[in-house]
Structures are given as C-alpha cells and as structure tokens.
Amino acid sequence: ISEDTPPLTLDKRSLPAVAEYIKSGQAPRIVAMTGAGISTAAGIPDFRSPTTGLYANLAALNLPEPEAVFDLTFFRQNPQPFYVLARELYPGTRYRPTVSHVFLALLARKGLLHMLFTQNIDCLERAAGVPPERIVEAHGSFATQRCIDCKVLFDGERMRKFVARGEVPRCAEEGCGGLVKPDIVFFGEALPRDFFDQMQRVSEAGLVLVMGTSLQVHPFAGLPDMADEAAPRVLFNREEVGSFGTRADDVMVLGDCDAGVRKLADALGWGQELEEAWRAL
Ligand code: APR
C-alpha cells in the first residue's frame, strides 16, 4: 500500500464505508480467507458449529475424538471412518456454490481479487468461477489422491468408484498395497508448498476479507494477523473470531455470510450482477 494512503477511518459498523473504500480504488488488492462457513448454505456441514457441525455428528463412527477422522496416525490404523465421511463430502456435482462463493468470483472478474486462501476441500470456489491461479487450497483438495506409503498417484476414476462405494482404496503398485488418501491436509501433515509461497500476498493486501471460519486451525488462522496495519479487515461470520476487534479498522459483519455479502454487494451497486451471476451457475 502506498505511504500516502490515508489510514481508513472506518466506522466499526459500516459496510458502506468498506464499499466506498473499494470504489475509491484504494483497495485494489483484496485478499480473502475462507472456511467451511461459506459452504454451509450449500448444504455442506461445517466442522465446529455446535449441533450441525461435522464434529458433533461423527458419533456413529465411534472415533476416539472427532478430529481423528482427519488424523494421519488414526487413518493408518483405521481408514474406514474417513471413507464413510469422504462419500458425504466428495465434491462431485451435488453441491452448488453459494452467494459468498460467487461474490469472490465477482471480485476476481473485476480485477480486485489479489488472492483467495481457502481451508475448504469442496472446490466450490473454482465451481463459482474464481480463477485457479487466484486460489490457494491451504488444506488441499479431493482433486488428486496418492498412496501414503510410496506416494504414487492413484487414478481419479478408480478413486471415484471406491469413494462412491464407501470402500478403502489401496495402492496398485507392485508390492506396495499401501492406503490411498486424497490430497487433503490431515492433522499432522504439512500444508501445500503453495500456501507458504503465496503467504506474503497478505501483507500486500489493501483490504482483507475473512469469511465463514472459526480461525481455530494454524497456520491458516495466523493469516489475518499478517495484514498491514493500514489494510482494513472485514469479517463475515456468525461469531467474532481470531483477533478481530483489536484493530481500529476491523469491521465485523456478524450473521449469515451470504446476507452480509449481499449487503456489501448492494452498497457497491453490484447487487443485481451478483444475483444474476449466482442464478446463472
Ligand atoms: N454464515 C456465517 N458464518 C457461518 C455460517 C454461515 N452460513 N455457517 C457457519 N459459520 C461460521 C461458524 O459459526 C464458525 O465460526 O463459520 C465458522 C466455521 O468454523 P469451522 O466449522 O471450525 O470451520 P473452519 O474454520 O473452516 O475449520 C478449519 O478445521 O477441521 C479442520 O481442516 C479442517 O479446514 C478445516 C479447519
């Protein structure tokens, strides 16, 4: 951000001020960070919402603790619970992007999206039209899968069949037979290289949007704090999370993210365009 950018004195509550800031051209580089909360309206449960979250509904799989379903050590001992869940979560074509996903695609189309960091593995940002080069899938995705022992890639079509049957695929390599796992980041695994390569874009941001995440899982949860002091941070979430509220320019739009995003789009004069883009999907 150029030195002479006046510090934005955003009224804490006002989206119109954020809209003015975007329209003024002072926020050319918007960096967005998203979590499962932007896909709940698509019908995909998030993880930690009290009753509807995935972790509250895995009891049937009698796991030592809910997160075990994404734990590599547990997966090696018992891959079955993960594959029961994978059948539910597999991207396929069952789920449609939400208004929040489409808003992000609109930002990209208008040349305002510097980068989108997502924790989601549902690929709905892509489906909404966000260009892949503007997306960092920080927790991986179901796009590819490989053997956790010999690391050889496993065929996508074969994977789809195994997942559809809720069966555990094993490596086809001679003498291996290791477990196959989608390239989603399990607890205990390193995040993709791309996450670390692209991280500095957060400090280049003129505006940071955080949408639908509890900011509980690091290192992703540390991204909003990497924003420059002069860059306003806007939270669209049901609840206050992370360090929001500690900076003068933090704006918290608490409630349903689609509703908050529609309000911002209306303040930008993009309301009609957003609805049409969403309906056109
Ligand atoms: N509108 C606004 N906020 C919502 C909505 C909605 N429609 N639905 C859910 N939320 C909020 C919840 O209140 C919560 O604060 O979104 C947040 C979702 O938080 P989590 O369920 O923890 O999901 P996420 O932050 O993406 O989890 C991070 O944890 O399990 C790991 O790797 C997994 O990527 C995941 C990571």
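The values are calculated or read from the model by the stated rules, or taken from the named source; none is laboratory data. Treat the numbers as computed from the prediction; the structure is a model and nothing was measured. Cβ atoms come from the backbone with ideal geometry, glycine included; neighbour counts cover every protein chain shown. Heavy atoms of the whole protein, side chains included, go into the accessibility calculation; ligands, DNA and RNA do not. Shrake-Rupley method; radii C 1.70, N 1.55, O 1.52, S 1.80 Å.
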**Complete:** Along the dipole axis of the chain (charges at Cβ: +1 for Lys and Arg, -1 for Asp and Glu; origin at the Cα centre), the most positive-end residue among 28, 254, 244 is 254
**Request:** Sticking with the crude label model, points 7 Å out along Cα→Cβ, report the distance from residue 67 to residue 133 in nm, one decimal please.
**Result:** 3.6 nm
**Prompt:** Which value, in debye to the nearest 20, gives the size of the charge dipole of region 8-100 about its Cα centre, when Lys and Arg are +1 and Asp and Glu are -1 at the Cβ?
**Reply:** 300 debye
**Message:** From the protein chains alone at 1.4 Å, what is the descending order of accessible area for 226, 211, largest first?
**Reply:** 226, 211
**Prompt:** Where Rh denotes the Kirkwood radius from the mean inverse Cα pair distance, what is Rg over Rh for the chain?
**Reply:** 0.99
**Request:** Sum up the lysine pairs in the chain that clear both bars: alpha-carbon distance under 29 Å and a spacing of 8 or more or different chains.
**Result:** 9
**Request:** Using a Förster distance of 35 angstrom, determine the FRET efficiency expected from the C-beta separation of residue 276 and residue 143, and round it to 0.05.
**Result:** 0.75
**Message:** Under 8 Å for C-alpha pairs, at least 6 residues apart: give me the relative contact order for region 98-155, rounded to a whole percent.
**Reply:** 31 percent
**Request:** Multiply the residue gap between residue 57 and residue 110 by 0.36 nm, knock off their C-alpha separation, and tell me the result in nm, one decimal place.
**Result:** 15.1 nm
**Message:** As I understand it, the value is the acute angle between the Cα axis of helix 257-268 and the longest principal axis of the Cα atoms of the chain; what does it come to in degrees, rounded to 10?
**Reply:** 30 degrees
**Request:** Just the number, please: carbon plus sulfur as a percent of the accessible area of the chain, 1.4 Å probe, no ligands or DNA/RNA counted.
**Result:** 51 percent
**Fill in**
In whole angstrom, the spacing between the Cα centers of region 229-258 and region 16-66 equals 13 Å
**Prompt:** With +1 on each Lys and Arg Cβ and -1 on each Asp and Glu Cβ, how big is the dipole of the chain about its Cα centre, in debye rounded to the nearest 20?
**Reply:** 760 debye
**Request:** Pick out which of 266, 225, 149 has the largest mean-square fluctuation in a Gaussian network model of the chain, springs linking Cα atoms closer than 10 Å.
**Result:** 149
**Request:** Grab the DSSP H runs of the chain that are 4 residues or longer, score each as -39,500 (n - 2.57), total them, divide by all residues and round the 222 nm result to the nearest 500 deg cm²/dmol.
**Result:** -8000 deg cm²/dmol
**Asked** Between residue 153 and residue 193, what length in nm is gained on full extension when 0.36 nm per residue of separation is reduced by their alpha carbon distance?
**Response** 12.6 nm
**Message:** Please list, ordered by chain and number, the residues whose modelled amide H lies under 5 Å from the amide H of residue 146; skip anything fewer than 5 residues away on the same chain.
**Reply:** 154, 181, 183
